[in-house]
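The values are calculated or read from the model by the stated rules, or taken from the named source; none is laboratory data. Keep in mind the model is a prediction, meaning the values are calculated, not measured. Cβ coordinates were reconstructed from backbone atoms using ideal geometry, including for glycine residues, and neighbour counts include every protein chain displayed. Please note that ligands, DNA and RNA were not included when accessible areas were found on the heavy atoms of the full protein model with its side chains. Shrake-Rupley method; radii C 1.70, N 1.55, O 1.52, S 1.80 Å.
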Amino acid sequence: MSFACLDCRKSFKREFLLSMGCPKQMSCPDCGSPAYNFGRHFKAPKKTDIKQWKKVRFLFEHGFWFQRIYDKANRYQIIEYPKTMEGAREFVEAYKEYAIK
Ligand SMILES: [Zn+2]
């Protein structure tokens, strides 16, 4: 599972046994801030890519933790996460029913 610290703009991986469950967050090993569990599918932007990290934070704050979401209206196709901040704004509106609360 990938955990991401939005303050350090980095991610780190931790293995978990399925039977033990997986925490939704843990402390960042670098700064001690919360690092969030963005699952197996999260690809962290480069540390220097501030724009992309802003987008990550924006999605996260709207309940999108990079969980896989499937489009009910479209034969349960996997919905791609947006690549840009503008895309992210539309995305959180369009798919708000899938957001984690
Ligand atoms: Zn950190």
Practice prompt. Pull up region 45-61, narrow it to residues that are over 21 Å from M1 (Cβ atoms) and of a type outside the set (S, T, N, Q), then point me to the one that is most open to solvent (accessible area, probe 1.4 Å).
Written response: K51
Discussion item. Please count how many residues of region 92-101 are small (G, A, S) and either under 13 Å from Q67 (Cβ atoms) or open to solvent by 100 Å² or more (accessible area, probe 1.4 Å) (or both).
Written reply: 1
Discussion item. For R89, only one of the following conditions fails: (1) open to solvent by 60 Å² or more (accessible area, probe 1.4 Å); (2) touching a Phe, Trp or Tyr at 6+ places or on another chain (Cβ under 9 Å); (3) not in a helix (DSSP H, G or I). What is its number?
Written reply: (3)
Worksheet item: Would it be correct to say that P29 is of a type outside the set (V, I, T), within 16 Å of the ligand (Cβ to nearest atom) and out of contact with any Ser or Thr (no Cβ under 7 Å at 6 or more places or on another chain)?
Response: yes
